[in-house]
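The structure appears right after this line, and notes come after that.
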Amino acid sequence: MDIRVVERDWAARGFSCDTWTDPPGQTWRDYTHDTDELLMLIDGEIEIHLGGKALYPTIGEEIFIPAHAPHTVINTGATTNRWLYGYQQIGDRFIFPCKKGGRA
């Protein structure tokens, strides 16, 4: 997978693109965002809870997380994982605020 291709694709669709790294067992529980988010695993393993379902994306598989949708992201692997994430651009800027458990 070529991360530069993903960055260009997401930018063309109005999304930012950054890399996140988590150690084994890291859990980001019940987060929401004020804008749509894209997520793509690039190394390791990940479990995503979204809309009452557990998702286990493969490397390179894009996951769409709608604005205001509570979601949990877990590194279920034995090694560090890396994943791309991006937030939808609103107007002439990207919106980055996130909320835990629906609270600011």
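Just so it is clear, none of the values below were taken in a lab; they were calculated from the coordinates. Values in this document were obtained by computation on a predicted structure and should not be read as measured data. Every residue, glycine as well, gets a Cβ built from its backbone with ideal geometry; the counts of neighbours run over all protein chains shown.
Please compute the modelled spin-label separation between L55 and H68, points set 7 Å along Cα→Cβ, answer in nm with one decimal.
1.9
Please build a GNM for the chain, connecting alpha carbons under 10 Å apart, and tell me which residue among A11, A78, A69 fluctuates the most.
A78
Expressed as a rounded percentage, what relative contact order does the chain have, with Cα pairs under 8 Å and six or more residues apart?
39
Taking the Cα centre of segment 3-100 as the origin, how large is its charge dipole in debye, to the nearest 20, when only Lys and Arg (+1) and Asp and Glu (-1) carry charge on their Cβ atoms? It would help to have the intermediate numbers written out before the result.
On the way: 9 positive and 14 negative charges, 29 e Å.
Charge dipole, segment 3-100, about its Cα centre: 140 debye, nearest 20.
Considering the values (i) 6.3; (ii) 5.7; (iii) 7.1, which represents mean projected area of the Cα convex hull in nm² as calculated for the structure under consideration?
Given (i) 6.3; (ii) 5.7; (iii) 7.1, the calculated one carries the label (i).
Could you tell me which trypsin sites (Lys or Arg not before Pro) in segment 6-61 are loop residues by DSSP with no more than 16 other beta carbons within 10 angstrom of their beta carbon?
Those satisfying the criteria are R13.
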